[in-house]
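Let me begin by presenting the structure, written as structure tokens, before commenting on it.
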Amino acid sequence: MDCDPGHDDAIALILAGAKHSALEILAVTTVAGNQSVEKNTKNALNILEVMGRKDIGVSVGATRPLIKPASFAAQIHGDTGLDGPKLPEVPTLKPTAKHAVDTIIESLKQSTEPVTIVATGPLTNIATALIKEPSITQYIESITIMGGGTFGNWTPTAEFNIWVDAEAATRVFDSGVPINVFGLDVTHQVLATDEVIQRFAKIENPIARFVVELLTFFKSTYKTHFNMDGGPIHDACTILYLLKPELFTMQHTHIDIEHQSALTYGTMVVDLSNVLQKENNAYFATAVDVPKVWDLIENILESYAQ
Ligand code: RIB
Ligand code: CA
């Protein structure tokens, strides 16, 4: 799992890493995005500690995009990148000595079965792994990402993860690997409102309390900056799909990434009407069964107590 925690990255990790999860996390890798890669790494280490998953290694990745300088989202995730919950200033867990890109390449090569790469931040590490070792495509089941959409949240047409590193996103979408895309069209349907937060607040265990703190802060910044009544749990949609694909409606389509225009840099061009008649290269999420999403998350949070 390549991430930039980030409140919704944290929810995704918690959903994927539950004790009885159907998913096995081979590695966590971090990338500059919501905050610096140093802060995102510290957050990932603290999150895994809270989850009781000291067995999962965290490898540090790119400090900046392939071409552009780094851009952070402090107004959404705070100065720490995970504002809200009280977490240790110095995590007890330490990152691995291996760079994220090498961890990704080696995890793929060492796995006895095809691996799903989940990417919930800018795609810099994934693109770099593909550039360094193009042969890894044979080991990848799919690349399942949160990013993009048919509208933007960082520019009028570009979503943050893609906008931070559109060159990297272009390389990923050109890879020929099956890609599952959870963009704003679907993530903005899954809003953690007061009602949702109160529902999770009834679950008596440290993880549920941690999630309530995360969602409470996230809701506040989305109210301030987007006047939304809940924080969209963007990144969690990748894991919810992998756990229960039937919750989502996916459309096979062709996606290109704009990486040259000054006005529309970072735009995900989703040809849902197949105007260009190009070969489909991605499955794009268009709808989700929201009530069943909250039921699934509630069950997973409750499983942390057992
Ligand atoms: O635009 C939403 C995405 O940007 C999410 O992955 C969030 O964590 C931020 O990285
Ligand atoms: Ca993220």
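In debye to the nearest 20, how big a dipole does the chain give about its Cα centre with +1 on each Lys and Arg Cβ and -1 on each Asp and Glu Cβ?
Computed about the Cα centre, the dipole is about 520 debye.
If you rank HIS188, HIS7 by fewest surrounding Cβ atoms within 10 Å, what's the result?
HIS188, HIS7
Sort LYS39, LYS86, LYS98 by Cβ crowding within 10 Å, fewest neighbours at the top.
LYS86, LYS98, LYS39
Just want the ordering: TRP163, TRP154, from fewest to most Cβ atoms lying within 10 Å of their own Cβ.
By the 10 Å Cβ count, ascending, the order reads TRP154, TRP163.
Which entries of LYS19/LYS202; LYS42/LYS219; LYS219/LYS244; LYS42/LYS223; LYS94/LYS244 show an alpha-carbon separation above 28 angstrom in the structure shown?
LYS94/LYS244
Which GluC sites (Glu not before Pro) does the stretch 191-287 hold that lie in a coil by DSSP with at most 11 other beta carbons within 10 Å?
Answer in residue order: GLU204, GLU279.
What's the local net charge at LEU296, with K and R +1, D and E -1, over the other residues with C-beta under 14 Å away?
Residues close to LEU296 contribute a combined charge of -2.
Please list, in order along the stretch 294-305, the HN-Hα scalar couplings obtained from phi with the Karplus expression 6.51 cos²θ - 1.76 cosθ + 1.60 (θ = phi - 60°), rounded to whole Hz, x for Gly and Pro.
Couplings: 5, 4, 5, 4, 4, 4, 5, 5, 5, 5, 5, 7 Hz.
Please state the shape class of the chain: rounded when a/c is under 1.5, otherwise prolate if a/b exceeds b/c and oblate if not, all from the C-alpha gyration tensor.
rounded
Please give the calculated 222 nm ellipticity per residue for the chain, where each DSSP H segment of at least 4 residues contributes -39500 (n - 2.57) and the sum is spread over every residue; nearest 500 deg cm²/dmol?
-11000 deg cm²/dmol
Where does the charge balance sit around ASN180 when Lys and Arg score +1, Asp and Glu -1, over other residues with C-beta under 15 Å from its C-beta?
With Lys, Arg at +1 and Asp, Glu at -1, the net is -4.
Spelling out what I want: for every residue of the stretch 255-264, take phi, set θ = phi - 60°, compute 6.51 cos²θ - 1.76 cosθ + 1.60 (Karplus), and round to whole Hz; glycine and proline get x.
Result, ordered by residue: 10, 10, 10, 7, 10, 10, 7, 5, 6, 10 Hz.
Report, in debye and to the nearest 20, how large the dipole of the stretch 131-250 comes out about its Cα centre when Lys and Arg carry +1 and Asp and Glu carry -1 on their Cβ.
240 debye
Efficiency by 1/(1 + (r/R0)^6): what FRET value for ALA305 and LYS86, r their Cβ-Cβ distance, R0 = 22 Å, to the nearest 0.05?
Step by step, r from the Cβ atoms, then E = 0.60.
Using the Cα centre of the stretch 152-205 as origin and beta-carbon charges of +1 (Lys, Arg) and -1 (Asp, Glu), tell me which of VAL172, THR157, VAL190 is placed farthest towards the positive end of the dipole.
The listed residue farthest towards the positive side: VAL190.
Using each residue's phi in the stretch 94-105, evaluate 6.51 cos²θ - 1.76 cosθ + 1.60 at θ = phi - 60° and report the 3J(HN,Hα) Karplus result to the nearest Hz, with x for Gly and Pro.
Those phi angles translate into 10, x, 6, 7, 7, 5, 3, 5, 5, 4, 4, 4 Hz.
Going through the stretch 87-163, which GluC sites (Glu not before Pro) have at most 16 other Cβ atoms within 10 Å and a DSSP loop state?
Answer by residue number: GLU89.
Between GLN251 and HIS20, what is the spin-label point distance in nm, taking each point 7 Å from the Cα along the Cα→C-beta axis?
Distance between the two pseudo-spin positions: 3.7 nm.
Read-outs: derived from the displayed coordinates by stated rules, not from any lab. Because the structure is predicted, anything quoted here is derived from the model rather than measured. Neighbour counts are summed over all protein chains in view; Cβ atoms, including those assigned to glycine, are modelled from backbone coordinates with ideal geometry.
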